[in-house]
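The values are calculated or read from the model by the stated rules, or taken from the named source; none is laboratory data. Fair warning: this is a prediction, and the values are worked out from it, not measured in the lab. Positions of Cβ are backbone-derived with ideal geometry, glycine not excepted, and every protein chain shown enters the neighbour counts. Note: accessible area is taken over every heavy atom of the protein model, side chains too, but ligands, DNA and RNA are not part of it. Shrake-Rupley method; radii C 1.70, N 1.55, O 1.52, S 1.80 Å.
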Amino acid sequence: MLELAYVREHLERVKKSFHDRGLGGAGLDEFMARDQERRDAITQVETLKAERNRASGEIGRLKKEGQDASALMAQMKETSARIKQLDKRAAELDQEMKDFLLTVPNLPHQSVPVGRSAADNAEVRRWGEPPKFDFEPKAHWDLGPALGILDFERASKIAGARFVLYSGLGARLERALANFMLDLHTRKHGYTEVLPPFIVNSTSLVGTAQLPKFAADLFKLEGTDYWLIPTAEVPVTNMFRDETLDADQLPLKLVAWTPCFRSEAGSYGKETRGIVRQHQFQKVELVKFVRPEQSYEELESLTREAETVLQQLGLPYRVVALSTGDLGFAAAKTYDLEVWLPGENGYKEISSCSNFEGFQARRAGIRYRLPGKKKSDYVHTLNGSGLAIGRTWMALVENYQQADGTVVVPEVLRPYLDGIERLERNR
RNA sequence: GGAGGGGUGCCGGAGUGGUCGAACGGGGCUGCCUGCUAAGCAGUUGCACUGGCUAAAACCGGUGCCGCGGGUUCGAAUCCCGCCCCCUCCGCCA
C-alpha cells in the first residue's frame, strides 16, 4: 500500500506508475477529489467535537457545584446528533479511500525496464549449457508416468484436474529436493527454518496484498474466514504483522517449506499438461525483513541464494528482470529465475524474487526501531522461491533423462535418496 | 463442543460514568553526577488522522485510539449488545 500522503504529494509519479504498468490512471483524480472532501468533513467534525469536549467538562463542573446545566446539555444533545451525522459521512469517505488505496499497485523501482508485457523483460544473465541429447528428449509428463513415479489419472480421480500424485521414487525425490533446499539455505545462507500454518485469515492476505484484488486466485474454506495459502510468503511475512522489530534483528531471514494452493481460475486451457500449473504444489520460500537502505543489495543476494540451488543441481537457467508490464501488483522489482526445460526447448519460470520495499510492511504494520531512536519506520520485505519444488522436480527429470528413459540423480541429491544414482522403474 | 476467567501504554499492573492518554513500578531516552561502570538525582517517554507554520522538518493546536465493531449518555477505559483472541477445567482427538 502506498501512503495516502505520498499519493497526495506525488500524484504524477503514481500516475506514471499506473501508465508504465499498463493500467489506466482512472480513479486517481476522483480519489484526490474524495481526499479533499474527506479532509473538509474531518475539519468540520473535529471542530464540533472540540466544542463538545469543552462543554462536557463545563457540565461536569456545573453539576459538581450544584448548578443547573440543562440548557448546555440540551444544546450538546443537538451538537452530538450533528457530529454523529458528519462522523458517518467522514467514515464512509475514509473507507472508500482505504479500499481504493488497497487496490493501488506498488511503484516500480527506477531500474525496472519499462514495457508492456513479459516480452519486454530483460535477461540479466545465464548459467549453464542446455544439455545436448543424441535422442529426442521427452517431456516429464511422458517420463514420469513411464517410470511409475507420476500418476495423473489417479490424482484426477481423487481430486480432479490440475492435481498430481507422486509415487515411490517420485515422492521421495520431491522430499529429497525439499530437504536439500532447506539444508542449503539454513546451513549455508543463514536462514532460519519455520513451519507456519498452511491456512491463514483474510487479514494476513491483505497484509501481503493477495487481497482484496486477487481473491479469485485463492481457495477459501467454506463458511469460514480461512484461506489455503497460495505461498508461504503469506504466513511467514505476517509473522511480524503489527510488530516493531529491533534494528539489530535485521536482516531477518526465514525459510519455509510449505504446500501452496492456487485456484488458477481463468487459466484453464493454459499449460494443462504436466505439473507446471497445479492447484497444489510445494515450495521452499525465502523471506527477508530488512532495513530500507539495504533492500536492493538484499534482493541481489536473495536471488543469488535461489540461483545456488539450480547451480548445485546442475540445472541451466537464466535470470530475467521483469518489466513494468509483467511486474506483480505488490513488487517494486522482481527477478525471475527461468530453468531450462528440454521438453519445451525453452526456459520456464521456477523462482520469482521480489523486493516489495515498504508496500507490504505498511499494509501489515511491520516496523523496526533503531536503538536509541524514538521513531520507528517500516521495514522492507522481500521474498523469493528457493525453489518451487514441483518445477524443480520436472526440470531435473527432463534435464537428466537418458536414452533408456531412466533419470540420473545429480550428486548433491544422492545423500538424500539413500545413494540412489538413477531413477528406474520398479524401485 | 461445554463451563469459567481474562484482554489497559515498551513490559508488569491500577483504574466501574466527568478533573484519565490513563496511578504506581520496571524499562528506554536526555541531562547532572562519575576516572569508567554501577548506584543516585532531575526531566522525558505511543500511534494515526487533521489544521497552522515551513522548502521540508522541528514546532504549536485539534480529533480519535484502553482487543475489534455497534449502542446508551451532554460526556465511556469504565454501562449495554455482537464478534475475535488468550488462559483454566471437562469432553473429543493426531
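Under a 5 Å amide H cut-off, with hydrogens placed 1.01 Å from N, A:GLY386 pairs with A:VAL284, A:GLU285, A:LEU286 among residues at least 5 apart or on other chains.
Computed about the Cα centre, the dipole magnitude for segment A:195-279 is approximately 460 debye when only Lys and Arg (+1) and Asp and Glu (-1) carry charge, each at its Cβ.
Highest mean packing first, where packing is the average number of other Cβ atoms within 10 Å per residue, the peptides A:308-321, A:68-81 line up as A:308-321, A:68-81. Here the 3J(HN,Hα) profile of segment A:52-68, calculated from phi with Karplus coefficients 6.51, -1.76 and 1.60 at θ = phi - 60°, is 4, 4, 4, 5, 4, x, 4, 4, x, 5, 4, 4, 4, 7, x, 9, 7 Hz, Gly and Pro shown as x. Under 23 Å of direct C-alpha separation, and excluding same-chain neighbours fewer than eight residues apart, A:LYS138 reaches these lysines: A:LYS270, A:LYS348. Of the residues A:PHE133, A:ALA256, A:THR334, the one whose Cα sits farthest toward the positive end of the charge dipole of chain A, with +1 on the Cβ of Lys and Arg and -1 on the Cβ of Asp and Glu, is A:ALA256. Entry for chain A at q = 0.10 Å⁻¹: log10 I(q)/I(0) = -0.77, Debye formula applied to identical alpha-carbon scatterers, no solvent contribution. For segment A:328-344, backbone phi angles converted through the Karplus equation (6.51, -1.76, 1.60; θ = phi - 60°) give residue-by-residue couplings of x, 3, 8, 7, 9, 7, 9, 9, 9, 9, 10, 8, 6, 10, x, x, 10 Hz, Gly and Pro being listed as x. Evaluating 6.51 cos²θ - 1.76 cosθ + 1.60 at θ = phi - 60° for every residue in segment A:302-308, the Karplus couplings come out as 4, 5, 4, 5, 5, 4, 4 Hz, glycine and proline recorded as x. Close amide-amide hydrogen proximity is noted between A:GLU357 and A:ALA332, A:THR381, each under 5 Å apart and 5 or more residues distant or on a separate chain (H modeled in the peptide plane; Pro and chain starts excluded).
Take the residue pairs A:LYS49/A:LYS77; A:LYS98/A:LYS283; A:LYS253/A:LYS283; A:LYS188/A:LYS333 and return only those whose Cα atoms are more than 22 Å apart. Check vs 22 Å cut-off fails for A:LYS98/A:LYS283; A:LYS188/A:LYS333. Probing with 1.4 Å while keeping every protein chain in the model, the per residue accessible area of segment A:4-101 equals 66 Å².
Selection among A:LEU173, A:MET32, A:LEU11 by position relative to the dipole of chain A gives A:MET32 as farthest towards the positive end (Cβ unit charges, Cα centre). For A:GLU411, the accessible surface of its heavy atoms amounts to roughly 130 Å² (probe 1.4 Å, protein chains only, rounded to the nearest 10). For A:GLN280, the residues whose amide H sits under 5 Å from its own are A:ARG262, ignoring neighbours fewer than 5 places away on the same chain, with H placed 1.01 Å from N.
Magnitude of the charge dipole for chain A, about its Cα centre and with charges confined to Cβ atoms of Lys, Arg (+1) and Asp, Glu (-1), is about 940 debye.
Can you bin segment A:145-225 into rounded, prolate or oblate? Criterion: square roots of the alpha carbon gyration tensor eigenvalues sorted a ≥ b ≥ c, rounded for a/c under 1.5, prolate for a/b above b/c, oblate for the rest. Cα axes put segment A:145-225 in the oblate bin.
Sort A:47-57, A:112-122 by the packing proxy (mean of other Cβ within 10 Å over each peptide's residues), most packed first.
A:112-122, A:47-57
Rounded to the nearest 500, the helix-only mean residue ellipticity at 222 nm of chain A stands at -12000 deg cm²/dmol, with each DSSP H run of n ≥ 4 adding -39,500 (n - 2.57).
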